[in-house]
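Take a look at the structure below.
The values are calculated or read from the model by the stated rules, or taken from the named source; none is laboratory data. Predicted model, so just to flag it, every value in this text is computed and none were measured. We place every Cβ from the backbone using ideal geometry, glycine too, and count neighbours over all the protein chains shown.
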Amino acid sequence: MFVVVGVSGGIAAYKTVQVVRALVTNGHEVHVVPTENSLRFVGTATWEAISRHPVTTSVHDDVAEVRHVALGTQADLVIVAPATANTLAKMAAGISDNLLGVTLLATTAPVVVAPAMHTAMWDHAATQANIATLRSRGVHIVGPADGLLTGGDSGPGRMVEPDEIVAAALAAAGAPASDLAELRVAVSTGGTREPIDPVRFLGNRSSGKQGVAVALAAADRGAYVHLVAAHVDDGVLDRALHHPRIAVERAVTAVEMDAAMRAASTEADVVVMAAAVADFSVPEVSDVKIRKEDGTVTLDLVENPDVLIGLVRARHPGQTIVGFAAETAADDAELRERGIRKRARKGVDLLAVNRVGWQEGFETAENRVLFVDATDEVASQASGTKRVVADALWDAVLRLR
Ligand SMILES: Cc1cc2nc3c(=O)[nH]c(=O)nc-3n(C[C@H](O)[C@H](O)[C@H](O)COP(=O)(O)O)c2cc1C
């Protein structure tokens, strides 16, 4: 998720470092937006290092990127912790004289606020009226807790602990539970490339987006993922490379993919073959570039190992194996029939079947998939972004296990 964490000027700002750290560790993209006053408590260097993104308080930085609106519109979740009495009042009034205020007005994402202040400030009618206003607009208020305050006295006003803020925020954003926690998963993605000579190869149009989405969805839901990536489009692997629960390995050819996935699968509870593996390769790879002067060129092709069938043969007890099939089909009925036949031939527990064509399936951000299980029925289907399809795949796997 794209999470904005607003920080205002209270001592509890030091605890928000833990909130940001927990979110980053769980694979979320976190952007910290401090108020100017809060930088007296925790400075920019800490936020930038811990969130791994540049930090500013001002609407006048990065103007070309329209940062003042971009953060709010991109956010899936906004957290304000600590929320001072002043920042709560500004939120209630819709004041936008800093980057945090503008971001809060520009967003339609769930907003979760963790107030922190002295009890007298919290109890004041102005603060209570502001809290009531924010609640009536759907803002989630977490805390404050009752306890020891900075001045030595005690009462309601303490910011709740970081893990409580994270849990409340993820629940407000409807983040899926950690329902794949501790599961070990091997996923392949991308398109293999079979060399012809030092500069040419046989390849396919796979961008790697769907397989990477499957890996990210699993990791975001708590699984440990071994991702074997063949060729993928630029930038597609970026989030996976930084995810604390994803280990990325590269494999170029079908033979390399076969070896890498066999090794990864020995430890895996679930194996998902989303890579587009070349069916054929060139047995005699030329050491020198084949030249035009050579006239007509005939390429002999030999069949590659069927990686999926190999994995099914080596399956260990309790392991769930999922395949992907990209099919050209005239309509849904034909797609379904092809899917059912292919599921049986490959022997997988679940086959994700998607229709491909010149305009469909490859390189796009969206996908539409039928899931065929061992009862030879379409168990479920999904359409939408590749992440939506990936989450539906894991839901289907959980139903099987
Ligand atoms: C040491 C210190 C601690 C403070 N702690 C709080 C606090 O916990 N809650 C609060 O509402 N204000 C607190 N303040 C006052 C705010 O920093 C002040 O109201 C400021 O204007 C808030 O600005 P901001 O909301 O833009 O960050 C504190 C001030 C100081 C000097």
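The figures follow:
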{"quantity": "Filter pass, Arg40 being surrounded by fewer than 18 Cβ atoms within 10 Å (Cβ to Cβ) and more than 28 Å from the chain's Cα centre (by Cα)", "calculated": "yes"}
{"quantity": "Filter result for Arg52 (of a type in the set (Lys, Arg), touching a helix residue (DSSP H, G or I) at 6+ places or on another chain (Cβ under 8 Å) and modelled with pLDDT of 85 or more)", "calculated": "yes"}
{"quantity": "Unique match (being in contact with a strand residue (DSSP E or B) (Cβ under 8 Å, 6 or more places away or on another chain) and either surrounded by fewer than 20 Cβ atoms within 10 Å (Cβ to Cβ) or over 12 Å from Val272 (Cα atoms) (or both)) among Ala333, Ala329", "calculated": "Ala329"}
{"quantity": "Which listed residue, of Ala132, Ala120, Ala114, is within 12 Å of the ligand (Cβ to nearest atom) and either of a type in the set (Phe, Trp, Tyr) or assigned to a helix (DSSP H, G or I) (or both)", "calculated": "Ala120"}
{"quantity": "Whichever residue in segment 59-79 is part of a loop (DSSP other than H, G, I, E, B) and not small (Gly, Ala, Ser) and, among such residues, is surrounded by the fewest Cβ atoms within 10 Å (Cβ to Cβ)", "calculated": "His60"}
{"quantity": "Those helices (runs of 4 or more DSSP H) lying entirely in segment 230-347 with at least 3 residues among the acidic types (Asp, Glu) and on the phi > 0 side of the Ramachandran plot", "calculated": "none"}
{"quantity": "The listed residue being part of a helix (DSSP H, G or I) and more than 14 Å from the ligand (Cβ to nearest atom), out of Thr46, Thr56, Thr87", "calculated": "Thr46"}
{"quantity": "Candidates Asp61, Asp123 - the one that is in the same structural domain as Asn37 (by TED's automatic domain parsing) and either among the aromatic types (Phe, Trp, Tyr) or over 14 Å from Val33 (Cβ atoms) (or both)", "calculated": "Asp123"}
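Residues checked against (1) buried (at least 17 other Cβ atoms within 10 Å of the Cβ); (2) on the phi < 0 side of the Ramachandran plot:
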position	(1), (2)
Arg52	no, no
Thr57	yes, yes
Ala81	yes, yes
Ala106	yes, yes
Pro115	yes, yes
Ala120	no, yes
Asn130	yes, yes
Leu134	yes, yes
